[in-house]
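Asker: My structure is below; once you've seen it, I'll send some questions.
The values are calculated or read from the model by the stated rules, or taken from the named source; none is laboratory data. Bear in mind the structure is a predicted one, so any value in this text is a computation, not a measurement. Cβ sites come from the backbone with ideal geometry, for glycine too, and all protein chains shown count toward neighbours. Quick note on the areas: whole protein, heavy atoms, side chains included, nothing else; ligands and nucleic acids left out. Shrake-Rupley method; radii C 1.70, N 1.55, O 1.52, S 1.80 Å.
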Amino acid sequence: MDLDPIQQAAQEQFARQSSQYGRGHILEDVADVRAALSQIPLPAHATVLDVATGGGHTGLLLASLGHDVILADLAQPMLDRAARLAAERGLAVTTRQHAAETLPYPDEHFDLVTCRVAAHHFSSPESFVRESARVLRPGGCFLLIDGSVPDDQPEAEAWIHALEKWRDPSHHRFLTPRAWRVLCGRAGLAVQSAELQPLKQPNLDWYFAAAATPPENRREVLKLIETASAQVRAAFRLAEEDGKITWWWPRLTLIAQKSRPT
Ligand SMILES: C[S@@+](CC[C@H](N)C(=O)[O-])C[C@H]1O[C@@H](n2cnc3c(N)ncnc32)[C@H](O)[C@@H]1O
């Protein structure tokens, strides 16, 4: 696989940290995916690609609903763990190692492409959306769930970008809902809904542990929190509860559909 430096950084980071993303990780709670799926019309036995599957939580939910699922990721250890989890749950899935930016599938192959809490690592969200649109059947759906920032809040965007970079240097960029809408439009995907839902960050230690953030980077994150402006504090609802720093991540759920020929 020919990887650019951003993809390479993500591959190394997640290969090293794969043990953090299985059982017990907050992403194991797939209520957000269930809620989104209730709005997506799918055939009884849909063909699904779960891009950047990580611990496999999204793809395994879809497999448990009777769909035919490919779990794809850059990091082989992630795929190995997701495959083990599938076997433990008696679910048949296929795993494929590849980047999100170049999908090794024919045109119009899938009923659904999903990608949850991963796209902020992609070197080219534009290629990822274009490729997702290409491999979807006409009428097929694209479900993106990812950290985001509200439109028109550049200071908040810069703050969370700096913070995420210190925590996990393989972070690339959060896109605003508007930026995702533009990418979908260019790729021929009609956005059905794009909603920001805040998700609580309840424990900074866990957050650091998941990314193996070194002590000097943790200090930089704490500095950013201490010096955050009133606007940033309000945007992320930065607070302290029982001596613990908390904030709320805006998380975007975007559903788009590939147009059918007229
Ligand atoms: C937080 S995990 C994903 C969580 C998962 N989707 C879920 O629902 O639980 C992020 C994953 O993105 C993968 N990743 C990062 N950049 C990628 C890229 N460019 N192409 C494919 N996978 C990528 C990482 O290897 C990692 O496994």
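Asker: Per residue, how much accessible area does the chain show when a 1.4 Å probe rolls over the protein heavy atoms, in square angstrom?
Answerer: Per-residue value: 45 Å².
Asker: Find, to one decimal place in angstroms, the Kirkwood hydrodynamic radius of segment 21-89, where the mean of 1/r is taken over every pair of different Cα atoms and then inverted.
Answerer: Computed over segment 21-89, the radius equals 12.3 Å.
Asker: I want the local charge near V221. Using Cβ-Cβ distances under 12 Å, sum +1 for each Lys or Arg and -1 for each Asp or Glu among the other residues.
Answerer: Every neighbour counted, the sum reads -1.
Asker: Here is a follow-up. Gap in Å between the Cα centre of segment 194-217 and the Cα centre of segment 33-62?
Answerer: Their Cα centres are 24 Å away from one another.
Asker: Related question: Which of the aspartates and glutamates could a cross-linker bridge to K244, judged by Cα under 20 Å and excluding same-chain residues fewer than eight apart?
Answerer: Cross-link targets: E164, D205, E216, E220, E226.
Asker: Right, here's the next one. Which percent of the accessible area of segment 1-114 is formed by carbon and sulfur heavy atoms (probe 1.4 angstrom)?
Answerer: Using a 1.4 Å probe with all protein chains present, segment 1-114 comes out at 49 percent carbon and sulfur.
Asker: With +1 assigned to the C-beta of every Lys and Arg and -1 to the C-beta of every Asp and Glu, and no other charges, what is the dipole magnitude of the chain about the Cα centre in debye, to the nearest 20?
Answerer: I would put it at about 300 debye.
Asker: Go ahead and estimate [θ] at 222 nm for the chain from helices alone: -39,500 (n - 2.57) per DSSP H run with n ≥ 4, summed, over the residue count, rounded to 500.
Answerer: Counting only the DSSP helices, I get -11500 deg cm²/dmol.
Asker: Specify the residue with the greatest mean-square fluctuation among E195, E108, E241, computed from a Gaussian network of the chain linking alpha-carbon atoms under 10 Å apart.
Answerer: E241
Asker: I need the fraction of alpha carbon pairs in the chain separated by more than 22 Å, rounded to a whole percent.
Answerer: Here the tail beyond 22 Å accounts for 55 percent of pairs.
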